[in-house]
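Questions regarding the structure given below will be posed in turn.
Just so it is clear, none of the values below were taken in a lab; they were calculated from the coordinates. Just so you know, these numbers come straight off a predicted model, no measurement behind them. Note that we place each Cβ from the backbone using ideal geometry, even for glycine, and neighbour counts take in every protein chain shown.
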Amino acid sequence: MADHELKELLEENLKVSKESLAILKKTRSDALWRRFFTAIKWLIVLGLLVWGYIQLQPILDQLLGVWQNVTGLTEQLQNLKLPQIPDFK
């Protein structure tokens with residue numbers, strides 16, 4: 001192998017290595033940004049859940065109170081002693 005061919009192979013190898021390094025850097029950058037935006041997305045989702053719970057808590061408390069009143073009334077109706085209707089035989 002001549003020195004000229006060896007030099008061409010080394011230059012081609014260097015060129016391919018630089019291209020590979022550029023692709024690797026871009027891939028790492030994309031992965032970093034993807035992680036960042038995924039974390040932001042989950043923070044927004046959790047924030048909306050907490051905000052929704054805080055906003056809905058008074059309504060849920062009212063609904064729970066109404067439900068307890070209804071169940072209390074049904075228990076009172078079940079415990080209510082009605083006069084027996086005589087059997088006519």
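Nearest 20 debye, what's the magnitude of the dipole of the chain about its Cα centre given +1 on Lys and Arg Cβ and -1 on Asp and Glu Cβ? Before the final figure, lay out the partial values.
Working: 11 positive and 10 negative charges, 68 e Å.
Around 320 debye, computed over the chain.
Taking Rh as the Kirkwood radius computed over C-alpha pairs, what is the Stokes-Einstein D of segment 1-66 at 4 °C in a medium of viscosity 1.567 mPa s, expressed in µm² per second?
Working: Rh = 17.0 Å.
So the translational diffusion coefficient is about 76 µm²/s.
Another one. When the helices in the chain are scored as -39500 (n - 2.57) per DSSP H run of 4 or longer and the sum is shared across all residues, what 222 nm value do you end up with, to the nearest 500 deg cm²/dmol?
Details: 1 runs with 77 residues, N = 89.
The per-residue figure over the chain is -33000 deg cm²/dmol.
Next question, about the same structure. Pairs of lysines 8 or more apart, or on different chains, with alpha carbons under 22 Å: count those in the chain, would you?
Numbers: Lys7/Lys15; Lys7/Lys18; Lys15/Lys25; Lys15/Lys26; Lys18/Lys26.
So the count works out to 5.
Note the angle between two axes, namely the Cα long axis of helix 3-79 and the longest principal axis of the Cα atoms of the chain, as a number of degrees from 0 to 90, rounded to the nearest 10.
Between the helix axis and the principal axis of the chain, the angle is about 10 degrees.
Tell me whether segment 28-89 comes out rounded, prolate or oblate; compute the Cα gyration tensor, take square roots of the eigenvalues as a ≥ b ≥ c, and use a/c under 1.5 as the rounded threshold.
Numbers: a/c = 11.84, a/b = 4.27, b/c = 2.77.
Prolate is the answer for segment 28-89, as a/c is 1.5 or above and a/b outweighs b/c.
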